[in-house]
Structures are given as structure tokens and as C-alpha cells.
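J.: Just passing along the structure, written as C-alpha cells.
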Amino acid sequence: LVAMGWDLLIPVALSFAAAARSVLHFFQLEVRCPTLHTALAELKKIELITKGNGILERRLPSKKREMIERIEEAILSNYNHLAESALEYVRAEEGLRRDKAKKED
């Protein structure tokens, strides 16, 4: 930016970068996006299989049960992954607090 004579915009660019980084961290998008993508891919597979089945197969209770179980598994795997990452974050923060308390003693 300095080379183009826009040196006054450097603080603005840095503040936007910091704001974007904090939004990513706050919403845990780095963790959530891959898990959401995986769940969405699984749901699309289920949809394709269901559309490929005939009308009689779709009405079978066993097929309905199988479809519901796969959908629930895809959705719950997303939430399980989010819960695991939240627990890891809490454990890391607790470890940092303990280390800080030990240093102060």
C-alpha cells in the first residue's frame, strides 16, 4: 500500500484483517466449516439414494428407518465434533490458567 501512496490505509487494512480473524475464531468457522461440509455431503448421498429408489422401496419401513438413522447420524456427528472441539478449547484454557497460577506461586 505504501508503494501505491496509500500509506494511510494500512491501519484500516490491519483492523479489517484483525476483525475477520476474530470473527473466524469467535464462531469457530475453521472447525465448523469442514464438519458442516461432511454432514452436507452425507445428506446429499442420502438424497440421491432415496431418489434412486422406486416408490415401493421408499415406502418400506426398513428403508425409512435406515434413511432416518443415516440422517440422524450425519447431523449428530456434526454436533459431536463441535462439542469435542469446545472441550479441547476449555481444557487448553484450564491448563493455561493452572500454568499461570503455578508461575505466580
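Throughout, read-outs are computed from the coordinates displayed, never taken from laboratory work. Nothing here was measured: the structure is a model prediction, and the numbers come from that model. Neighbour counts run over all protein chains shown; Cβ positions are idealised from the backbone, glycine included.
J.: Would you work out which of G52, I75, H37 lies farthest towards the positive end of the dipole of the chain, given +1 charges on the beta-carbon of Lys and Arg and -1 on that of Asp and Glu, about the Cα centre?
T.: Checking the options against the dipole of the chain, the answer is G52.
J.: Counting just the Cα atoms, what span does the chain cover along each of its three principal axes? Round to the nearest Å and put the largest first.
T.: The Cα atoms of the chain stretch 67, 52, 13 Å along their principal axes.
J.: So how strong a dipole does the chain carry about its Cα centre when Lys and Arg Cβ are +1 and Asp and Glu Cβ are -1, to the nearest 20 debye?
T.: Numbers: 17 positive and 16 negative charges, 97 e Å.
Roughly 460 debye for the chain.
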